[in-house]
Amino acid sequence: MNRERRKNLQSIADQLEELKSSLEDLQSEEEDYRDNIPENLQGSERYERADEAVGNMEEAVSQIEDAISSIEAAIEG
């Protein structure tokens with residue numbers, strides 16, 4: 001792989017890192033929201049939606065991490 005393609009791939013990996021960080025911030029906010037729902041509402045639809053959103057964001061963060069790893073492997077390869 002030539003230097004220009006490596007540079008472009010690194011730029012994409014850097015952008016993904018920034019997006020991952022933003023997503024982690026939102027995930028943390030949603031976790032705080034979910035965790036502060038009163039105990040008597042923890043089985044409610046509102047709680048379930050928040051919990052599902054947290055799980056979906058966790059999965060998205062994991063997939064972004066996988067993408068970054070794959071790009072880094074391509075750069076090194």
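Taking region 53-77, which residues are within 23 Å of R5 (Cβ to Cβ) and either surrounded by 13 or more Cβ atoms within 10 Å (Cβ to Cβ) or among the hydroxyl-bearing types (S, T, Y) (or both)?
Selection gives I64, E65, A67, I68, S69, S70, I71, E72, A74, I75.
Being modelled with pLDDT under 95 and in a helix (DSSP H, G or I): is that true of N40 here?
Working: modelled with pLDDT under 95: yes; in a helix (DSSP H, G or I): yes.
Criteria met by N40.
Search region 9-52 for residues being closer than 30 Å to A73 by Cα and among the small types (G, A, S), and hand back the single one that is least open to solvent (accessible area, probe 1.4 Å). Don't jump to the end; show me each part of the working.
Taking region 9-52 first, the residues closer than 30 Å to A73 by Cα are 9-28.
Filter once more, so that each one left must be among the small types (G, A, S): 11, 13, 21-22, 28.
On the way: S11: 51, A13: 2, S21: 54, S22: 64, S28: 51 Å².
Looking at the filtered set, the residue picked out is A13.
The values are calculated or read from the model by the stated rules, or taken from the named source; none is laboratory data. Given the structure is predicted, the values throughout are model-derived calculations rather than measurements. Neighbour counts are summed over all protein chains in view; Cβ atoms, including those assigned to glycine, are modelled from backbone coordinates with ideal geometry. Accessible surface areas use protein heavy atoms only, side chains included; no ligands, DNA or RNA. Shrake-Rupley method; radii C 1.70, N 1.55, O 1.52, S 1.80 Å.
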